[in-house]
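What follows is calculated from the coordinates using simple rules that are stated; it is not laboratory data. Computed from a prediction, not measured in an experiment: that's the story for all the values here. For neighbour counting, all protein chains shown are included, and Cβ atoms are generated from backbone atoms with ideal geometry for every residue, glycine included.
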Amino acid sequence: MLTRILDHFGVQVESVNEVADSHGSTVYKCNLRHGETIFVKIPYSKLKCQRELEAYEILKEKVAIPDLLDNWAGDEECPGAFLLSQLKGQPLTANASPTVAFQVGALHASMHLVQPPAGQPLVGIQNEFPEWSSFVERHFYSFAEDVEDVVEPGLFKQAIKHFEKVKHQLPLPDGPSFIHMDFRPANIIVDGQHVSGVIDFESVRFGSTETDFTKINRDFLSLDATLAQAYKEGYNSIRPLIDLEVVLPFYRFTDAFNSIGWCKRRGIDQHALFYEENVAILRDALK
């Protein structure tokens with residue numbers, strides 16, 4: 001399949017390596033014969049492919065993202081593919097400086113400034129903001145059957161009861177904003193003391209910002225109070241940050257629940273570590 005895609009794009013490569021930390025799509029780092037590096041991304045489905053394509057059009061010149069060099073609509077065997085430029089640097093780590101954390105906050109806020117484009121019909125990216133509470137509930141229960149199959153009955157019943165109890169306690173939604181839905185260190189590229197940009201737009205929506213802080217908090221902000229403060233200052237330099245303490249417990253819980261369902265759909269054996277991590281988070285959230 002990769003050979004077909006490279007032939008379609010007319011790309012001649014010197015070497016190819018599959019990107020390891022890409023949960024949804026298949027991504028290849030391709031070193032070209034004249035020294036340039038590009039990426040080939042094959043989304044998981046036609047819908048995710050369409051979302052990603054629309055995201056590049058919407059975010060261009062508004063947020064730091066890779067250049068979309070070419071795209072292929074796919075066929076019966078392949079949902080589609082993208083040819084992307086390389087953002088200079090490496091994924092964000094917990095060893096980042098406060099300077100970098102400030103830029104991460106500003107980058108996140110600049111994305112949240114983007115609103116649904118007036119007069120531009122969208123096929124892949126849904127605007128969930130007008131019925132945000134319904135979206136959160138629908139998203140949660142869409143994974144419930146999968147979760148029920150792979151966790152103990154008592155834990156599942158406790159999770160459903162907890163969701164029904166706390167879903168009405170959320171503040172008014174903040175938006176409508178472009179939300180990444182997977183804003184985590186692996187999708188944030190850093191070059192030294194400079195944040196190069198953000199990648200991976202196959203899960204994006206327009207909705208409330210409150211759901212978009214869970215993963216960056218889990219994997220970065222919660223590890224260092226100094227970095228968390230710098231991130232908040234960076235975010236507030238672009239737009240006001242909501243009170244994260246109010247919304248993070250709920251979305252930490254729902255993200256863990258939904259992630260368990262995702263693991264069931266994609267294969268527990270292939271995603272065993274991610275599954276165990278989210279079961280632990282779910283148990284902790286329900287204490």
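Describe numerically, in nm with one decimal, the distance between label points set 7 Å from Cα along Cα→Cβ at LEU172 and at ASP284.
Result: 3.3 nm between the two label points.
Could you give the length gained by full extension between VAL246 and ARG265, i.e. 0.36 nm per residue of separation minus their alpha carbon distance, to one decimal place?
That pair, VAL246 and ARG265, stretches by 3.8 nm at full extension.
Please list, in order, the residues from region 54-70 whose amide nitrogen is less than 15 Å from a point placed 7 Å along the Cα→Cβ vector of LEU113.
Answer for region 54-70: 59-65.
Give the long-range amide H neighbours of VAL19: residues separated by 5 or more places, or on another chain, with amide H under 5 Å away, using H modelled in the peptide plane at 1.01 Å from N.
HN-HN under 5 Å from VAL19: VAL27, TYR28, LYS29.
Quick one, could you list the DSSP H helices from the chain stretching 27 Å or more along their long axis (Cα atoms) with average Kyte-Doolittle hydropathy of -1.0 or above?
244-266
Sticking with the crude label model, points 7 Å out along Cα→Cβ, report the distance from ARG33 to SER85 in nm, one decimal please.
Each label point is offset 7 Å from its Cα along the Cβ direction, giving 2.4 nm.
Say a paramagnetic label sat at a point 7 Å from the Cα of HIS8, along Cα to Cβ; which residues of region 57-82 have their backbone N under 18 Å from it?
68-82
Of LEU170, LEU84, LEU47, which is the most mobile in a GNM of the chain whose springs link Cα atoms less than 10 angstrom apart?
Maximum among the listed residues: LEU170.
Most exposed first by the Cβ proxy, i.e. fewest other Cβ within 10 Å, how do LEU172, LEU155 rank?
LEU172, LEU155
Which order do ILE188, ILE65, ILE281 fall in if you start with the one that has the fewest other Cβ atoms within 10 Å?
ILE281, ILE65, ILE188
Among MET181, MET111, which comes first, second and so on when ranked by fewest other beta-carbon atoms within 10 Å?
Ascending number of Cβ neighbours within 10 Å: MET181, MET111.
Would you mind calculating the gained length between GLU276 and ILE238 on full extension (0.36 nm times residue separation, minus the Cα-Cα distance), in nm to one decimal?
10.0 nm
Taking amide hydrogens as modeled 1.01 Å from N in the peptide plane, which residues meet the under 5 Å criterion relative to GLY74, leaving out close sequence neighbours?
Placed amide hydrogens put ALA81 under 5 Å from GLY74.
Given the Cα atoms of region 2-85, and with Rh set as the inverse mean 1/r over their pairs in the Kirkwood sense, what is Rg to Rh to two decimals?
0.95
Hey, of (1) 14.7; (2) 15.6; (3) 24.3, which did the structure itself give for mean projected area of the Cα convex hull in nm² when calculated?
Checking each listed value against the structure points to (2).
Per residue of region 171-180, in order, report the coupling 6.51 cos²θ - 1.76 cosθ + 1.60 (Karplus, θ = phi - 60°) as ³J(HN,Hα) in whole Hz, putting x for Gly and Pro.
Residue by residue, region 171-180 yields x, 4, x, 10, x, x, 10, 6, 10, 6 Hz.
Taking the simple approach of a point 7 Å from Cα along Cα-to-Cβ for both GLN193 and ARG138, what is their distance in nm?
Each label point is offset 7 Å from its Cα along the Cβ direction, giving 4.7 nm.
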